[in-house]
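To start, the structure itself, in structure tokens.
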Amino acid sequence: MRFLAAVLAILPLCAQSPDQKLAREIFQQLIEINTTDSSGDNTSAAEAMAARFRAAGFAESDIHVLAPVARKGNLVVRLHGTGAARPILFLGHLDVVEARRADWPFDPFVFLQQDGYFYGRGTSDMKGDDAVFVATFLRMKREKFQPARDLILALTSDEEGGPANGVDWLLRQHRDLIDAQFCVNADGGGGHIKNGKPIFMAMQAAEKVYLSFKLEVTNTGGHSSLPTKDNAIYHLADGLSRLAKFDFPVHLFDVTRAAFERGANLYGGQLGEDLKTILRNPDDAAAIARLTAIPLYNAQMRTTCVATMLSAGHAENALPQLATATINCRLLPVDKPEDIKRTIEQVLADPKITVTEMNQPASTPYTPIDPKVMAAVTASTNKFWPGLPVVPAMETGATDGSRMIRAGIPTYGVSGIFGDEDDVRAHGRSERILVKSFDDAVDFIYDLITRLAK
């Protein structure tokens with residue numbers, strides 16, 4: 001509660017506007033539609049938003065719900081402009097990661113407002129941003145806003161996993177509907193809060209590369225009453241234990257170096273000093289140890305690989321014939337997949353553990369941020385948070401922005417939602433965002449989109 005009080009003291013309260021109220025209603029509607037890959041229905045969420053656009057007066061020809069398979073719908077909406085310049089695309093995804101009711105203290109698919117937060121699966125990743133985008137397009141239509149070029153909103157499937165029914169499919173099958181001069185992807189960037197205080201607005205300039213490996217140990221097995229030391233589970237467990245203790249080397253590149261340079265002067269204290277130290281000497285063991293203990297900075301400094309799934313054995317009274325684990329890696333864009341695989345095999349140090357790539361890694365070329373886009377983000381940020389710096393940043397997760405960039409559409413990660421660096425709950429239990437942060441994002445994104453549209 002002290003953290004919340006500090007945030008509310010720093011971010012002045014204001015009366016909820018009609019547009020913020022509408023955005024909250026859309027937010028609740030989206031949260032309460034299950035859009036997980038296993039049992040959810042992305043098409044239902046896309047259709048629910050399409051109904052809002054129809055009711056607002058968007059022409060049917062400008063609203064597209066495109067579903068390559070029954071539950072995998074994507075929504076594309078166009079607001080026509082007055083000029084001939086190429087469109088701007090605003091991108092979000094409707095699907096969310098799995099959330100088991102047994103793991104949460106409340107139903108993850110029931111929208112809950114409590115103690116200054118909105119709770120529910122997808123609140124931070126990323127139905128809050130989706131709701132803000134939808135509310136902004138509805139507001140522009142209601143106000144008869146005329147952009148200088150077409151504005152496109154795309155809310156997609158399968159960003160969180162599953163078959164490629166989202167952005168990849170749209171680019172292959174319906175490129176004409178989403179083709180744009182550049183894309184603003186709300187799944188990246190966003191404001192940072194530290195110790196209850198907004199410290200900077202991040203703008204995604206790069207992102208890590210997603211690569212998973214399957215570790216597998218096979219064995220002839222046998223009766224559990226006649227155990228041997230050659231046990232598939234033990235081989236795998238020992239290897240995973242070695243991997244758990246290993247850290248990939250620190251490797252700063254232009255984006256992370258720039259982020260650390262700016263951050264060093266924003267944080268102060270030990271964290272600020274450690275960021276300055278690591279810039280001067282990337283081999284400083286003490287600074288590395290302290291930054292490694294902070295998940296956000298550990299992920300910025302290096303490639304990471306972590307065990308995420310485990311399976312072994314077939315009967316409680318039989319020696320295991322198979323033991324497998326999934327290792328999910330997030331590679332720095334300057335690291336090579338083949339080098340990471342080789343390092344994992346060396347760390348596991350057991351020829352009985354086979355290591356196999358589970359997906360084809362796709363590196364994304366780095367392109368500098370367009371100065372005009374940076375200027376617009378900076379102007380909108382300073383309108384609502386005077387003096388707050390905008391910092392280029394690397395996204396530690398993977399987003400659909402990388403797919404857009406590889407398709408030749410420059411993409412910038414921008415979200416108006418602020419989150420606490422020390423309370424990141426995306427993909428986790430009791431996912432949440434600050435109510436005040438969501439309301440502020442409604443105003444910020446409207447200002448940014450209309451600024452870019454002019």
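Throughout, read-outs are computed from the coordinates displayed, never taken from laboratory work. In this text, all values refer to a predicted model and were calculated from it rather than measured experimentally. Glycine gets a Cβ as well: all are built from the backbone with ideal geometry, and neighbour counts include every protein chain shown.
Listing for the model above:
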read-out	value
Subset of LYS72/LYS214; LYS21/LYS436; LYS214/LYS341; LYS127/LYS436; LYS245/LYS352; LYS144/LYS383 violating a 18 Å alpha-carbon distance limit	LYS72/LYS214; LYS245/LYS352; LYS144/LYS383
Selection of chymotrypsin sites (Phe, Trp or Tyr not before Pro), segment 230-322, meeting DSSP coil and at most 13 other Cβ within 10 Å	PHE246
Segment 263-315, relative contact order [Cα under 8 Å, separation at least 6], %	19 percent
Base-10 log of normalised Debye intensity for segment 209-357 (one unit scatterer per alpha-carbon) at q = 0.12, 0.21 Å⁻¹	-0.60, -1.20
Partner lysines for LYS276 [C-alpha distance under 19 Å; skip if fewer than 8 residues away on the same chain]	LYS194
Spatial separation of Cα centroids for segment 195-272 and segment 38-92, in angstrom	37 Å
Label zone at GLN321 (point 7 Å along Cα-to-Cβ), backbone N below 13 Å, segment 197-232	218-223
Rounded to 5, percent antiparallel among DSSP beta bridges of the chain	65 percent
Where labels lie 7 Å past Cα in the beta-carbon direction, separation of ALA55 and ALA148 in nm	3.4 nm
Sites matching trypsin sites (Lys or Arg not before Pro) across segment 113-215 that sit in DSSP coil, with at most 13 neighbouring C-beta atoms within 10 Å	LYS144
Intensity falloff of segment 1-141 expressed as log10 I(q)/I(0), Debye formula with alpha-carbon point scatterers, at q = 0.15 Å⁻¹	-0.84
Of the GluC sites (Glu not before Pro) in segment 143-199, those whose Cβ has at most 12 other Cβ within 10 Å and which sit in DSSP loop	GLU143
Label-point separation in nm, ARG86 to ALA362, each point 7 Å along Cα→Cβ	1.8 nm
The chain: relative contact order in percent, alpha carbon pairs under 8 Å with at least 6 residues between	23 percent
Options ALA70, ALA398, PHE444, ranked by Cα towards positive dipole end of the chain, top entry (Cβ charges)	PHE444
Distance-filtered residues of segment 319-360 - backbone nitrogen under 12 Å, label point 7 angstrom along HIS223 Cα→Cβ	319
Relative contact order (percent, whole number), segment 209-357, Cα cutoff 8 Å, 6+ residue spacing	44 percent
Diffusion coefficient, µm² s⁻¹, Stokes-Einstein with Kirkwood Rh over alpha-carbon pairs of segment 333-454 at 20 °C and 1.002 mPa s	119 µm²/s
